[in-house]
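Have a look at the structure below before the remarks.
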Amino acid sequence: NPYAGLVSRLRAAWLSGKTRPMEYRVAQLEALGRFLDEKKQEILEATASDMGKPSFEAYFTEILLCKNELNDTLNNLSHWMKDEHVDKNLVMQLDSAFIRKDPYGVVLIIAPWNYPIHLFLVPLIGAIAAGNCVVIKPSEMSKNTERLVAEMLTCYLDNDCFAVVTAGVQETTRLLENKFDYIFFTGIPSVGRIIMTAAAKHLTPVTLELGGKNPCYVSDTCDVQNVARRGAWGRFFNAGQTCIAPDYVLCSLEMQEKLMPALREAITEFFGSNPRESPDFGRIVGDKQFRRIRALLCSGRVAIGGQTDEKERYIAPTVLADVLPSDPAMQEEIFGPILPIVVVANMDEAIDFINARPRPLAVYAFSCDSKVVTQVLERTSSGGFCGNDTLMHVTLTSLPFGGVGNSGLGKYHGKFTFDTFSHHRGCLHRNMGLEALNALRYPPYTQQKLGLLTATFEIKRKGMCTLL
């Protein structure tokens, strides 16, 4: 196997204990901070070359949010690493019971192309913080960013413990034949199944950050202009190539008619009368993706936008009205700048519509009535939820980010990333003396011993009392 030597080298480094001291972890994390600071311009240029990503969007997602994750980790790492002491029963009051946060070992991070720095760096921060050695596999789709990461990141990190692998589908298949101690994958569900199958051969635990069709319910009682601005921003950010973007709107026919002029106004405000000329609107990453997204324009009727240019891989910010559940745009995750609107009679019908489909990565609900937002939250299931906005829940390091069911497995961000890459090891360190306390559990067994054992080990429900 072409990667066996690499994995063995990293495993030897991990077994040596090199990555375990907090000082080492901090030094590597600080090196990531220097990478972001010193290579800021190169990152902006690479993401612009790969997919026309506006520098504002690239700085916000690929640099600022990554630095937030990094600083949150550095601020709290000493606390996160400490043993967590737990409650004890009567027999073990003089003993030590605690949870040790152990690194898994050699872990693999496979990143996608849509946020090519953010979506490998945020899990990498947690993997380093937890004390692991890491193999990083950036996406081959975003070629300029892949080259930047492969050439530059290794100049900042300890090459004994961290490695970047550039690989296509065939090479990645060979890479997955090696035994890793944890695999973190971000991508589409069909590839997630392949990753999970490969991991199962070694009984390797996984985090799968996948995607899905994220519904956005808009009630009849809302500020239409605010809904249009926040919804359009979430849908057309990064030219719609965001796994948590609102994938389609559910609303009444009356609200659809109100939303159209408001969405048209918001799109013009953001990108001008011709978004193709706007420096703030990106492009589709590749030809194959462009053709796939363009084919979805036959759904419903094009109410706003619809213009395309294959040479530039440009698809205008587009809104489709009167889309049917059977239309092509409702059969797959769009992952592009198209927003279908599906008409429903009311909130109950919208919730039934959502629940009849695979659980998405995010559910969005807009209403001036907080009870409506709460109802959508309580009666649906998704990886995350955001009321009266889009995307913004992902910016908080204090909230876990991850999918459920078809949209993924596991969670990360902030301390949740550290926990994901840590094995929580239950530990008990007992006193060598006081053997009389242990005699209750030794043979020969008696009813008296069982009664005393029950009294010292039993956990009772709070609020209940026993009459003696």
*Among 135, 86, 106, 91, which is more than 20 Å from the chain's Cα centre (by Cα), outside the structural domain of residue 240 (by the TED database) and within 21 Å of residue 164 (Cβ to Cβ)?*
106
*Tell me, please, whether a residue that is open to solvent by 10 Å² or more (accessible area, probe 1.4 Å), under 23 Å from residue 164 (Cβ atoms) and part of a helix (DSSP H, G or I) can be found in the range 119-128.*
yes
*Test: residue 75 is without any contact (Cβ under 8 Å) to a residue 40 or more places away in the chain, outside the structural domain of residue 271 (by the TED database) and open to solvent by 80 Å² or more (accessible area, probe 1.4 Å)*: yes
*Is it the case that residue 306 is under 22 Å from residue 229 (Cβ atoms), without any contact (Cβ under 8 Å) to a residue 40 or more places away in the chain and open to solvent by less than 60 Å² (accessible area, probe 1.4 Å)?*
yes
*Flag if residue 65 is touching a His at 6+ places or on another chain (Cβ under 9 Å) and in the same structural domain as residue 22 (by the TED database)*: yes
*asked:* For the condition crowded, with 18+ Cβ neighbours inside 10 Å and under 24 Å from residue 51 (Cβ atoms), what is the one hit in 176, 157, 153?
replied: 153
*Is one or more of the residues making up the range 275-282 in contact with a Gly (Cβ under 6 Å, 6 or more places away or on another chain) and not assigned by the TED database to the domain that holds residue 365?*
no
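The rows are residues; the columns are (1) open to solvent by 90 Å² or more (accessible area, probe 1.4 Å); (2) closer than 25 Å to residue 71 by Cα; (3) in contact with a helix residue (DSSP H, G or I) (Cβ under 8 Å, 6 or more places away or on another chain); (4) aromatic (Phe, Trp, Tyr).
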{"position": "381", "(1), (2), (3), (4)": "no, no, yes, no"}
{"position": "387", "(1), (2), (3), (4)": "no, no, yes, no"}
{"position": "415", "(1), (2), (3), (4)": "no, yes, yes, no"}
{"position": "425", "(1), (2), (3), (4)": "yes, no, no, no"}
{"position": "429", "(1), (2), (3), (4)": "yes, no, no, no"}
{"position": "432", "(1), (2), (3), (4)": "yes, no, no, no"}
*Just give me the residues in the range 3-29 being part of a loop (DSSP other than H, G, I, E, B) and open to solvent by 40 Å² or more (accessible area, probe 1.4 Å), in sequence order.*
16, 18, 20, 21
_Checking the conditions here, which among 452, 440 is more than 45 Å from the chain's Cα centre (by Cα) and open to solvent by 50 Å² or more (accessible area, probe 1.4 Å)?_
452
*asked:* Take the conditions among the hydroxyl-bearing types (Ser, Thr, Tyr), surrounded by fewer than 22 Cβ atoms within 10 Å (Cβ to Cβ), part of a loop (DSSP other than H, G, I, E, B) and touching a residue at least 40 places away in the same chain (Cβ under 8 Å) and apply them to residue 204. Does it pass?
replied: no
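Matching residues to (1) open to solvent by less than 10 Å² (accessible area, probe 1.4 Å); (2) in a loop (DSSP other than H, G, I, E, B):
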{"position": "213", "(1), (2)": "no, yes"}
{"position": "222", "(1), (2)": "no, yes"}
{"position": "246", "(1), (2)": "yes, yes"}
{"position": "254", "(1), (2)": "no, no"}
{"position": "268", "(1), (2)": "no, no"}
{"position": "280", "(1), (2)": "no, yes"}
{"position": "297", "(1), (2)": "no, no"}
{"position": "302", "(1), (2)": "no, no"}
{"position": "320", "(1), (2)": "yes, no"}
*Kindly check whether there is at least one residue in the range 134-143 that is part of a loop (DSSP other than H, G, I, E, B), acidic (Asp, Glu) and either open to solvent by less than 10 Å² (accessible area, probe 1.4 Å) or touching a residue at least 24 places away in the same chain (Cβ under 8 Å) (or both).*
yes
*Among the residues of the range 368-377, is any touching a residue at least 24 places away in the same chain (Cβ under 8 Å), surrounded by fewer than 22 Cβ atoms within 10 Å (Cβ to Cβ) and touching a helix residue (DSSP H, G or I) at 6+ places or on another chain (Cβ under 8 Å)?*
yes
*Of the conditions (1) assigned to a helix (DSSP H, G or I); (2) open to solvent by 10 Å² or more (accessible area, probe 1.4 Å); (3) of a type in the set (S, T, N, Q), residue 166 fails just one. Which one is it?*
(1)
*Out of 37, 50, report the one residue that is open to solvent by 50 Å² or more (accessible area, probe 1.4 Å) and within 25 Å of the chain's Cα centre (by Cα).*
37
*Please specify each residue of the range 340-365 satisfying the condition of being more than 23 Å from the chain's Cα centre (by Cα) and either under 20 Å from residue 223 (Cβ atoms) or not in a helix (DSSP H, G or I) (or both).*
340, 341, 342, 343, 344, 345, 346, 347, 350, 356
_Scan of the range 62-72 for residues that are under 18 Å from residue 243 (Cα atoms) and either open to solvent by 10 Å² or more (accessible area, probe 1.4 Å) or of a type in the set (A, V, I, L, M, F, W, C) (or both), ordered by number_ = 65, 66
*Got a sec? Which of 190, 252, 219 is out of contact with any Cys (no Cβ under 7 Å at 6 or more places or on another chain) and modelled with pLDDT under 95?*
190
*Taking into account only those residues within the range 83-100 that are under 28 Å from residue 10 (Cα atoms) and touching an Asp or Glu at 6+ places or on another chain (Cβ under 8 Å), which is most open to solvent (accessible area, probe 1.4 Å)?*
100
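The values are calculated or read from the model by the stated rules, or taken from the named source; none is laboratory data. Here the structure is a predicted model, which means the values were calculated and not measured. All Cβ positions, glycine included, derive from the backbone under ideal geometry; neighbour counts span all protein chains shown. For accessibility, only protein heavy atoms count, side chains too; no ligands or nucleic acids. Shrake-Rupley method; radii C 1.70, N 1.55, O 1.52, S 1.80 Å.
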